[in-house]
1. What about L207, is it buried (at least 17 other Cβ atoms within 10 Å of the Cβ) and more than 16 Å from ligand 1 (Cβ to nearest atom)?
2. State the number of residues belonging to the stretch 226-247 that are touching a strand residue (DSSP E or B) at 6+ places or on another chain (Cβ under 7 Å), within 24 Å of H329 (Cα to Cα) and within 16 Å of ligand 1 (Cβ to nearest atom).
3. Within the stretch 33-55, track down each residue that is in a loop (DSSP other than H, G, I, E, B), out of contact with any strand residue (DSSP E or B) (no Cβ under 7 Å at 6 or more places or on another chain) and more than 16 Å from ligand 1 (Cβ to nearest atom).
4. Given the residues P281, P275, which is the only one that is assigned to a loop (DSSP other than H, G, I, E, B) and either at pLDDT below 95 or within 16 Å of ligand 2 (Cβ to nearest atom) (or both)?
5. Check R80, R120, R84 and return the single one that is farther than 23 Å from L195 by Cα, of a type outside the set (G, A, S) and touching a Gly at 6+ places or on another chain (Cβ under 8 Å).
6. Take the stretch 88-133 and flag every residue that is of a type outside the set (S, T, Y), under 19 Å from G156 (Cβ atoms) and either more than 20 Å from the chain's Cα centre (by Cα) or part of a loop (DSSP other than H, G, I, E, B) (or both).
7. Counting just the residues of the stretch 66-88 that are of a type outside the set (D, E) and exposed (fewer than 15 other Cβ atoms within 10 Å of the Cβ), which one comes out farthest from L170 (Cα to Cα)?
8. Can you find even one residue in the stretch 2-14 that is of a type in the set (K, R), away from ligand 1 (no atom under 16 Å from the Cβ), at pLDDT below 95 and surrounded by fewer than 22 Cβ atoms within 10 Å (Cβ to Cβ)?
Amino acid sequence: MLLDVRDLHVEFHTRDGVARAVNGVSYHVDAGETLAVLGESGSGKSVTAQAVMGILDTPPGRITGGEVLFEGRDLLTLKREERRRVRGAEMAMIFQDALSSLNPVLTVGDQLGEMFVVHRGMSRKDARAEAVELMDRVRIPAARERVGQYPHQFSGGMRQRIMIAMALALRPKLIIADEPTTALDVTVQAQVMDLLAELRREYHMGLILITHDLGVVADVADRIAVMYAGRIVESAPVLDLYKAPAHPYTRGLLDSIPRLDHKGRELYAIKGLPPGLTRIPPGCAFHPRCPAARDECRTDEPALYEVTGPEGAAAGRGSACHFWRECLHG
Ligand code: SF4
Ligand code: MG
């Protein structure tokens, strides 16, 4: 197993009190596999990733429990230097906003080349050649001519390709992409997503794709973990989850995306808003919004139950709903 996150807890100290941003999240990714982590903003999906990447080591955020095993070693217990080495070379992150992640006063070639100069000890000239090659790999046209241009001279989609090239430079084993296409228009989104999927296959990397958009994951992800209020509420192979969700929240999300086979049907939207993380409701955190909620949902917190049974539930499926069986057959 490439990455194995176990029972991770993260808190933030805010003026309103302690925000429990991540409350016992476990997930894993193998080499060559894509895990989509789906959730609304504030669900804890980005914070979990930041904890994995080690960019959450400073206040006000604090990892209060759990393990982040990368190839079997717990990154949370490694010495700072060793941790930095693993995280610098073996995992990389792609963010939504390429323009603020890239340095505006350095050419694209210099930024890409810097990776090879610093981490591989290459000469400037060789590093520049590597930069051109990387730009080719992410299919930026006329790479040789454009390597001397600045980030603002590229379109949004091309900048996102440059971010992908930066992430790939050191051949990481794991890439975490946090809403990598959210700022792009729909056609460009699909192209960037296809590129990511293709590179993941080619380099046999693990990919964690963080998104709020269930529509973008169907074609690229192998498995999905759905997050709500800092927990995973459902995890399943993508196709199983699409076919038959085992949690009312997932069902609500599925019912609220337009689908070709449901033309003309009115779209359902989940009522209400996700809870503030300083005030997570007792019992099932989703109960104030859940159309299937009953009394015990207000007091008893559901564990992530294993979803099993003759209905063809796949191994490794889980749902944090007391009534997952009914949901599955709903
Ligand atoms: Fe809804 Fe209850 Fe299931 Fe929570 S446990 S999702 S409130 S039915
Ligand atoms: Mg986010």
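The values are calculated or read from the model by the stated rules, or taken from the named source; none is laboratory data. Just so it is clear, the model here is predicted, and its values are computed rather than measured. Positions of Cβ are backbone-derived with ideal geometry, glycine not excepted, and every protein chain shown enters the neighbour counts.
1. yes
2. Looking only at that region, the number is 12.
3. Selection gives S41, G42, G54, I55.
4. P275
5. Answer to the check: R84.
6. F95, Q96, D97, L102, N103, P104, L106, V108, Q111, L112, listed by residue number.
7. The residue in question is T77.
8. For the stretch 2-14, residues of a type in the set (K, R), away from ligand 1 (no atom under 16 Å from the Cβ), at pLDDT below 95 and surrounded by fewer than 22 Cβ atoms within 10 Å (Cβ to Cβ): absent.
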